[in-house]
Every structure is written in structure tokens, then in C-alpha cells.
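Report on one structure; see the data block that follows.
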Amino acid sequence: MVRCCAAALLLSALFACLHDGVHGGQYTNPVVNEQCPDPGAILVEDGVYYVATTSQGNSDAFPIRASKDLVNWSIVSYVFPDAHKPKWAATDFWAPEIHRVKDHYVVYFAARDTTGMLCVGVGVSSKVTGPFEDPLGHPLVRNSTVGNIDPTIYIDPASNTPYLFWKEDGNGRVPPEPHTPIWVQRLSDNGTALEGTKHMTIWNDLPWEGNLVEAPWVIHRHGYYYLFYSANAFYNGSYAVGVARSTDLLSGYVKQKTPVLKSNNIWIGPGHCSVVPLPSSSDDYVIIYHSWHVGRVGGPSNNRVLMLDSIHWSDDWPVVHDGTPSTTPQRD
């Protein structure tokens, strides 16, 4: 309970300092009431947050929004303006994440190649706002029989070595595979090539997860690696966020048995999250994710909007609000 109160006070103090007088010290979800699927967020050195989101087949791929307070966001650029798109990537630009690797920024994303296969791609830039360029001329991860999506990386602070996590998209096959593993594999120092062998971290083995797990995100706290993930069908109320933890980055993950974030009577299918620290603390985090509004799931506007909630901790497990998206004004 002490950690709960401390985290809430820190979040309140952050927003009060950065955003005093604009919202009267409060915000209410969603923080962006526009199409923002699969948000990949980063906090950079100057205290600004950036979030890149899925763009499907739009001419400019992956809008990048910026915010100083986690509440007010504006589009500042695109990861791949039309002229900068990788030549191998044909359509379905999904789930981008921008990460700092050494002295540059690297974006990881999924897209279909010219054969229709979903692949993991990579781009590099000297600036977090891009534009990003394809350093390889081909996908970073491609399998001729099954798609691969939802990349994220974690940089081990002890060795400064980056590791790629991603989902094998077995549920997208016909017929679907019964299990969809999330893999991890070491990356080169510059983050643009795979090294060594891949390791399976988790797969869908809990009843609530349905036929898939996806959208990994990893943080380290108090001796544990926490692997946040989403599971079940993104297009209905079964979609939710789960978490597993381990003392070893590559294996041994133990899942919390129930979702850490699931639907309520206003917000449906919360998921595909980023977990980022508050700038004033390396031990307090917020969760940025998308959700459908009830009654608008897969409707004409197809909007999965941008959501924000604080994370608390109980017995070294994360707790998000009351286990569902917040629906009332929150202290900013």
C-alpha cells in the first residue's frame, strides 16, 4: 500500500509540475482520442516522451507523437515518410518501437514483404523523430512458413547488450497453430543483426490467453525481469495484458495467473502496452496502451485510442489501477 501511494504521488507531482493549470491537475482516459494502435513509447534524455503507433497501409508509416506530460500529445513526424519506406516492406506496417541503442535510435516493426509474409524489420536514425532508414535491405527476422511480429528490445545494463523479443505468429497460419511462442535472441551491438540462438520465453498456456500471446515488453526491477504481454483476440473483450517474471532474461518466466489489465464496462480489449519510467524515478512506471471504447469495437472508425495508467507494486508484482483501465479523472 505504501508503494501504491508513493507511485500515485510521484505521478501526480510529475504532471502537476509539467502541466500545471491546463487540466486542473486531472486527466481522463483516453489521452489521445484518435487511432493509436500498438503504441511503442520511449522516454528520452530531455524528459520528452515519444510514442510510435501502427499505421497499416498509410503512405507515411508510423506516426510519432511527442509529449512532455504523458497527457498532451501531438504528431511531430513519421518513422518512415513514404520515400523512406524499406523496399522489401509492402503493406501492413504494425507495432513500431523506437529504442536508443548506443549513439543512435533504432526502430523495430512488423510488415508484410512482397510475398505477403509478416516479417520483423529494422530502421536507424540519428534522431528519435527520424526519418529512419533501412540498414539491411531485407527483414531482420523472416521465416518462410510462419509470420513474425511485435518486436521489442531490452538492453542488459550489465553488459550493454541488446536482446530482441518477438512473437511467432502461429495463430495466423491456416489452420492456426495451437501455440504462439515469444522468442528472445541476442542482437549485435548496433541492434541491427541477430546473433547466437533464439530462446523461447513464454507461450499461451493459461485459459484466459486463448490461442495466442503477443506484444512483449520487458523491464527490470528489484532483481526480476518482467515480461508484459497481451493475449487472446484483439478485436473483442477477451484481449488483455498479462505479465511474467524471471531472474534470468532468457528463460524461467513464471506468469501471474490472471491478467494485470482487462476490459471493464467502458473500455474493451486493453492491450499492446509499453511500460515506461517516470523521469523523476527509475522505480516508478506508467503503462501506455490502446483500447476500444465500448460499442465501437471494430466499427467504422476502427479506433483503438491511446490510454494511460500508473503502475503500483504488490509483492513484487505489478498492479494497474483496479485491474481495468481507469474511467474517472486521475490526478495528473
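We did not get these values from a lab; they are worked out from the coordinates using the rules stated. No experiment lies behind these values; they were computed from the predicted model shown. Backbone-built Cβ (ideal geometry, glycine too); neighbour counts: all protein chains shown.
Overview of results
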read-out: Inter-centroid distance (Cα atoms) of segment 160-211 relative to segment 106-150, Å; value: 15 Å
read-out: Reciprocal of mean inverse Cα separation for the chain (Kirkwood radius, Å); value: 19.8 Å
read-out: Segment 29-174 shape via C-alpha gyration tensor axes, a/c threshold 1.5; value: prolate
read-out: Three-way shape call for segment 51-109 based on the alpha-carbon gyration tensor, with the a/c threshold at 1.5; value: oblate
read-out: Tally of Lys pairs whose C-alpha atoms are under 24 Å apart, taken over the chain, 8 or more apart or cross-chain; value: 14
read-out: Top of HIS104, HIS179, HIS222 by mean-square fluctuation, Gaussian network on the chain, Cα under 10 Å; value: HIS222
read-out: Amide proton proximity set for GLU195, modelled H, under 5 Å, gap of 5+; value: ARG186, LEU187, SER188
read-out: Solvent-free Debye scattering, log10 I(q)/I(0), computed from the Cα coordinates of segment 278-317 at q = 0.31 Å⁻¹; value: -1.04
read-out: Computed helical MRE - 222 nm, the chain, DSSP H runs ≥ 4 contributing -39500 (n - 2.57), nearest 500; value: -2000 deg cm²/dmol
read-out: Sparsely packed trypsin sites (Lys or Arg not before Pro) within segment 70-165, loop by DSSP, other Cβ within 10 Å at most 14; value: LYS87, LYS102, LYS127
read-out: Convex hull volume per residue for segment 167-246, taking Cα atoms only, in Å³; value: 125 Å³
read-out: Label-to-label distance, nm, for residues given as ASN190 and ALA233 (7 Å Cα→Cβ offset); value: 4.5 nm
read-out: Global geometry of segment 251-309, whether rounded, prolate or oblate, following the gyration tensor of its Cα atoms and the 1.5 cut on a/c; value: oblate
read-out: Point-charge dipole on Cβ atoms (K/R +1, D/E -1) for the chain, about Cα centre, debye to 20; value: 340 debye
read-out: Residue with peak Gaussian network fluctuation, the chain [Cα springs, cutoff 10 Å], from PRO178, PRO151, PRO96; value: PRO178
